[in-house]
1. Please list, in chain and number order, the residues 5+ apart from R76 or on another chain whose amide H is under 5 Å from its amide H, with Hs placed from the backbone.
2. Ignoring ligands, DNA and RNA, what percent of the 1.4 Å accessible area of region 1-74 is carbon and sulfur?
3. Could you work out how far the C-alpha centroid of region 138-203 sits from that of region 36-73, in angstrom?
4. Full-extension gain between T33 and K155, please, as 0.36 nm times their residue separation minus the C-alpha to C-alpha distance.
5. Do you know the relative contact order of the chain, to the nearest whole percent, from alpha carbon pairs under 8 angstrom that are 6+ apart?
6. If you roll a 1.4 Å probe over the heavy atoms of the protein chains, what accessible area per residue do you get for region 120-206, in Å²?
7. Could you state the accessible area per residue of region 1-67 in Å², with a 1.4 Å probe and every protein chain left in place?
8. At 7 Å along the Cα-to-beta-carbon direction for both I18 and S82, put a label point, then send me their distance in nm to one decimal.
Amino acid sequence: FISKNWDTERINPYPIPIKNVPFQLLFSDSTFTSPVLFDKVVTSRYGWRNRRPHKGIDIDLVTGDTLRAILDGKVRYVGYHSGHGRTIVIRHSNGLELVYAHLSKQLVEENDIVLKGQVIGRGGVSGNARGSHLHLEVIYKGNYINPEYLFDFSKENKIRSDEFWVTNKWTSPHLHSSRRKSKINIATSLKDATIQKVTKVRTHRIRKGDSLS
């Protein structure tokens, strides 16, 4: 998982997501390290926001605050993006990638091995950001996952399970609102995931002269 599709030039090396949903994610850790040194305040969640998909969560901070790696991993991308600003992407052994955006300073380099809790940068307001905050995204093979499905951002810093099955419910921002926390129902088996899977609704725009059939 570490070396496959390794790309140091793009935040997301999968411009077309590999839509093998549902998919399984395994974790060897039961807890993660908070990216900030104080209580985490989520100011905007994964979901629909201002008629656009918000593909991560925003955690409040002050410019210059220390940022730490949530899990052990290898730095794949360190760069500047017009929207994300100064950004770091770390890939983990299970293939999951964490994106840390809007930084004021990056303190790691591409291909560095980082440990959970290691300082990787400073918070900021770079890129397309309104006010200083950490924009945190979770990506697996191009699929943006609701971070709160995997991680409990309370004081406990728990990874919600050692096994997840991720359905389209958790990779579709339009099914969530950035203004409120979604109800978390973890699928720990393929059977659970099949029950959770959201059936796509087909729509048709009615035009003058159409029949109801």
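1. V89, I90, R91, N111
2. Percent of accessible area from carbon and sulfur atoms in region 1-74: 48.
3. Each part's Cα centre sits 17 Å from the other's.
4. My answer for the length gained is 42.9 nm.
5. Taking the mean separation of contacting Cα pairs over the length of the chain, I get 25 percent.
6. So region 120-206 comes to 56 Å² accessible per residue, rounded to a whole number.
7. Accessible area per residue, region 1-67: 60 Å².
8. Roughly 2.9 nm, to one decimal.
The values are calculated or read from the model by the stated rules, or taken from the named source; none is laboratory data. Please read these numbers as outputs of a predicted model, since none were measured by experiment. Reconstructed Cβ throughout: ideal geometry from the backbone, glycine too, with neighbour counts over all protein chains shown. To get the accessible areas, we keep the full protein, side chains included, count just its heavy atoms, and leave off ligands, DNA and RNA. Shrake-Rupley method; radii C 1.70, N 1.55, O 1.52, S 1.80 Å.
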